[in-house]
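The values are calculated or read from the model by the stated rules, or taken from the named source; none is laboratory data. Treat the numbers as computed from the prediction; the structure is a model and nothing was measured. In this analysis, Cβ positions are derived from the backbone assuming ideal geometry, glycine residues included, and neighbour counts consider all displayed protein chains. Just the protein is used for accessible areas: all its heavy atoms, side chains included, with ligands, DNA and RNA removed. Shrake-Rupley method; radii C 1.70, N 1.55, O 1.52, S 1.80 Å.
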Amino acid sequence: MTDRLRDVYVVDAVRTPIGKYGGALAGVRPDDLAAGVLGALVARTPELDPARIDDVFFGDANGAGEDNRDVARMAVLLAGLPVTVPGTTVNRLCGSGMEAVIQAARAIAVGDASIAVAGGVESMSRAPWVLQKPERGFPAAHQQLHSTTLGWRMVNPRMPQEWTVGLGEGAELLAERYGIGRDEQDAFALASHRNAARAWAEGLYDGEVVPVDGVDLARDECIRDSTSTEALAKLKPVFRKDGTVTAGNSSPLNDGAAALLLVDEDGLRATGREPLARIGASAVTGIEPQYFGAGPVEAARRALKKAGREFGELHTVELNEAFAAQALACLRQWPDLDPARVNPRGGAIAVGHPLGASGARLTGAVAHQLAAAGSGTGLATLCIGVGQGLALVLER
């Protein structure tokens, strides 16, 4: 431990292109996805001796399949790092990747580590079905399999029913509460696809996205360059017959991984590099589970207050787009934030939302955007199922 908190810097951040459910990355195990970004991240800083990495933190939301055995440690071994480098896996559902960044930064700030890697991974394509053990031996009846891809399963009957509604129904509840209509949601989704397509066309992701070995995937797989207001309007509501939430204005199911290299001053000298950004304040908050999508509202306010910043000072914001209705509900409550500064390179509706990786992707995106600008303050934030919000402020 040290007498004062150390500054924590983001030296580099990488991610895979995001694959669609059953798409180009479906054949890649999640531990291999994690190992790929970890290896690529270390290779991009050749002056750094990998043995100096004090710990590796990875977020993983499901963890019921090939990622079940502490996927962070598996990634270390599969990436060929020294066996002396440890790894720990954290779970805050959709916030897992950002939680990994926060925990790694905290370890460095208090002097428990000098150099750490933080990231996240998810293969929603490969998430298995699970079978509960029978309450007694030799059951004669059929047994139920539960999908671990997304959302509630094996719900505790003591949970109030209103808390355990599906994620899409939660988005519909927010659309009702804040008067967010179908047209506004579709317009938001269209902007996400257009911003993402433009960012890729302009090479804005070239320094951030690394390829996956053995996979021919040049960019995020769910971006629809040709979508339009008319095309989105033709899609039927998914969660309510008379609802407003469709597949077109929701994030898809995805596969992918992301990783960041975090250091203190001594670690920075060991890398021989200029940092992208400095880690600032963070905050986590809770909210009624059915309104999970509004979780970022108070988390962002608290993180900015800790950092001594206001919404009007932000250069860039990465707000995870679980649903257009959910993102718009958050923006409704941040009147001082310029919407043009939110997800300038596209959001999860277009880019994708591989659960455990998204928080790390958002944080890395903010760091790269601040580095490109040369200075400024950025915010990364996202909602979390079961009713939480997480936010992180970065500075340059």
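Within the stretch 143-156, count every residue that is under 30 Å from the mean Cα position of the chain (by Cα), assigned to a loop (DSSP other than H, G, I, E, B) and surrounded by 10 or more Cβ atoms within 10 Å (Cβ to Cβ). Walk me through it before giving the result.
First pass over the stretch 143-156, keeping only residues under 30 Å from the mean Cα position of the chain (by Cα): 145-156.
Now narrow it down to the ones that are assigned to a loop (DSSP other than H, G, I, E, B): 148-156.
With surrounded by 10 or more Cβ atoms within 10 Å (Cβ to Cβ) added as a condition, the list becomes 148-153, 155.
Residues in the stretch 143-156 being under 30 Å from the mean Cα position of the chain (by Cα), assigned to a loop (DSSP other than H, G, I, E, B) and surrounded by 10 or more Cβ atoms within 10 Å (Cβ to Cβ): 7 in total.
Is it true that ARG153 is touching a strand residue (DSSP E or B) at 6+ places or on another chain (Cβ under 7 Å), of a type in the set (D, E, K, R) and closer than 24 Å to ASN68 by Cβ? First the steps, then the outcome.
Working: touching a strand residue (DSSP E or B) at 6+ places or on another chain (Cβ under 7 Å): yes; of a type in the set (D, E, K, R): yes; closer than 24 Å to ASN68 by Cβ: yes.
It is true that ARG153 is touching a strand residue (DSSP E or B) at 6+ places or on another chain (Cβ under 7 Å), of a type in the set (D, E, K, R) and closer than 24 Å to ASN68 by Cβ.
Among the residues of the stretch 71-78, are any modelled with pLDDT of 95 or more, in contact with a Pro (Cβ under 8 Å, 6 or more places away or on another chain) and open to solvent by 60 Å² or more (accessible area, probe 1.4 Å)? Reasoning before the result, please.
Let us first name the residues in the stretch 71-78 that are modelled with pLDDT of 95 or more, namely 71-78.
Narrowing the set further to residues that are in contact with a Pro (Cβ under 8 Å, 6 or more places away or on another chain) leaves 71, 73, 76.
Then drop every residue that is not open to solvent by 60 Å² or more (accessible area, probe 1.4 Å), which leaves 73.
Looking for residues that are modelled with pLDDT of 95 or more, in contact with a Pro (Cβ under 8 Å, 6 or more places away or on another chain) and open to solvent by 60 Å² or more (accessible area, probe 1.4 Å), one finds at least one in the stretch 71-78, hence yes.
Given the stretch 157-272, what helices (runs of 4 or more DSSP H) lie entirely inside it while holding 1 or more residues that are of a type in the set (S, T, N, Q) and open to solvent by 10 Å² or more (accessible area, probe 1.4 Å)? Please lay out each step first, then the result.
Values: elements: 167-178, 182-201, 229-233, 265-271.
Because the criterion is at least 1 residues that are of a type in the set (S, T, N, Q) and open to solvent by 10 Å² or more (accessible area, probe 1.4 Å), the helices (runs of 4 or more DSSP H) in the stretch 157-272 that meet it are 182-201, 229-233.
When you go through (1) farther than 29 Å from SER123 by Cβ; (2) hydroxyl-bearing (Ser, Thr, Tyr); (3) under 19 Å from the mean Cα position of the chain (by Cα) one by one for THR244, which number turns out not to apply?
(3)
I'd like the full set of residues that are open to solvent by 90 Å² or more (accessible area, probe 1.4 Å) and either touching a Leu at 6+ places or on another chain (Cβ under 6 Å) or of a type outside the set (Lys, Arg) (or both), limited to the stretch 133-142.
Pass one, the stretch 133-142, residues open to solvent by 90 Å² or more (accessible area, probe 1.4 Å): 133, 135-136, 138, 140, 142.
GLU135, PHE138, ALA140, HIS142, listed by residue number.
Are any residues in the stretch 329-341 surrounded by fewer than 24 Cβ atoms within 10 Å (Cβ to Cβ) and either in contact with a His (Cβ under 6 Å, 6 or more places away or on another chain) or closer than 27 Å to GLU221 by Cβ (or both), and if so, which ones?
Start the filter on the stretch 329-341 by keeping residues that are surrounded by fewer than 24 Cβ atoms within 10 Å (Cβ to Cβ), which leaves 331-341.
Within the stretch 329-341, LEU331, PRO339, ALA340, ARG341 qualify.
Please state which one of VAL85, VAL117, VAL101, VAL130 is open to solvent by less than 40 Å² (accessible area, probe 1.4 Å) and touching a Pro at 6+ places or on another chain (Cβ under 8 Å).
Details: VAL117 fails: touching a Pro at 6+ places or on another chain (Cβ under 8 Å); VAL101 fails: touching a Pro at 6+ places or on another chain (Cβ under 8 Å); VAL130 fails: touching a Pro at 6+ places or on another chain (Cβ under 8 Å).
None of the other options fit; the residue is VAL85.
Applying the selection to the stretch 283-296, what residues are open to solvent by 30 Å² or more (accessible area, probe 1.4 Å) and small (Gly, Ala, Ser)? Walk me through how you get there before you give the answer.
First, the residues of the stretch 283-296 that are open to solvent by 30 Å² or more (accessible area, probe 1.4 Å): 284, 286-288, 291.
Selection gives GLY286 alone.
State the number of residues belonging to the stretch 337-362 that are in contact (Cβ under 8 Å) with a residue 40 or more places away in the chain and of a type in the set (Asp, Glu). Outline the logic, then answer.
Within the stretch 337-362, the first condition is being in contact (Cβ under 8 Å) with a residue 40 or more places away in the chain, and the residues that meet it are 343-362.
Subsequent filtering for residues that are of a type in the set (Asp, Glu) retains none.
Residues flagged as in contact (Cβ under 8 Å) with a residue 40 or more places away in the chain and of a type in the set (Asp, Glu) within the stretch 337-362 amount to 0.
Among the residues of the stretch 306-320, write down those that are over 20 Å from SER358 (Cβ atoms) and either in contact with a Lys or Arg (Cβ under 6 Å, 6 or more places away or on another chain) or part of a helix (DSSP H, G or I) (or both).
Across the stretch 306-320, the qualifying residues are LYS306, ALA307, PHE311, GLY312, GLU313.
State all residues of the stretch 54-82 that are among the aliphatic types (A, V, I, L, M) and in a helix (DSSP H, G or I); if no residue qualifies, say none.
Of all residues in the stretch 54-82, those among the aliphatic types (A, V, I, L, M) come to 56, 61, 64, 71-72, 74-79, 81.
Those that are among the aliphatic types (A, V, I, L, M) and in a helix (DSSP H, G or I): VAL71, ALA72, MET74, ALA75, VAL76, LEU77, LEU78.
Note down all Cβ pairs under 7 Å where the first residue falls in the stretch 376-388 and is closer than 19 Å to THR164 by Cα, the second is assigned to a strand (DSSP E or B) and among the polar types (S, T, N, Q), and they're at least six residues apart or on different chains.
Going by the 7 Å Cβ cut-off, the qualifying pairs are GLN388/THR285.
Restricting the stretch 88-98 to residues that are in contact with a helix residue (DSSP H, G or I) (Cβ under 6 Å, 6 or more places away or on another chain) and open to solvent by 10 Å² or more (accessible area, probe 1.4 Å), which is farthest from ARG4 (Cα to Cα)? Walk me through it before giving the result.
Kept after step one, since they are in contact with a helix residue (DSSP H, G or I) (Cβ under 6 Å, 6 or more places away or on another chain), are these residues of the stretch 88-98: 88-90, 92, 94-98.
Still in the running and open to solvent by 10 Å² or more (accessible area, probe 1.4 Å): 88-90, 92, 94.
Details: THR88: 25, THR89: 27, VAL90: 26, ARG92: 28, CYS94: 31 Å.
So, considering only residues that are in contact with a helix residue (DSSP H, G or I) (Cβ under 6 Å, 6 or more places away or on another chain) and open to solvent by 10 Å² or more (accessible area, probe 1.4 Å), the one farthest from ARG4 (Cα to Cα) is CYS94.
One line per residue, one yes/no per condition, for (1) open to solvent by 10 Å² or more (accessible area, probe 1.4 Å); (2) outside any strand (DSSP E or B); (3) modelled with pLDDT of 95 or more; (4) more than 21 Å from VAL209 (Cα to Cα):
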position	(1), (2), (3), (4)
GLU298	yes, yes, yes, yes
ARG301	yes, yes, yes, yes
LEU304	no, yes, yes, yes
ALA327	no, yes, yes, yes
GLY346	no, yes, yes, no
HIS368	yes, yes, yes, no
GLY378	no, no, yes, no
CYS383	no, no, yes, yes
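Scan (1) open to solvent by less than 20 Å² (accessible area, probe 1.4 Å); (2) out of contact with any Asp or Glu (no Cβ under 9 Å at 6 or more places or on another chain); (3) more than 20 Å from GLY364 (Cα to Cα); (4) of a type in the set (A, V, I, L, M, F, W, C) for the single condition LEU25 breaks and write down its number.
The number of the failed condition is (2).
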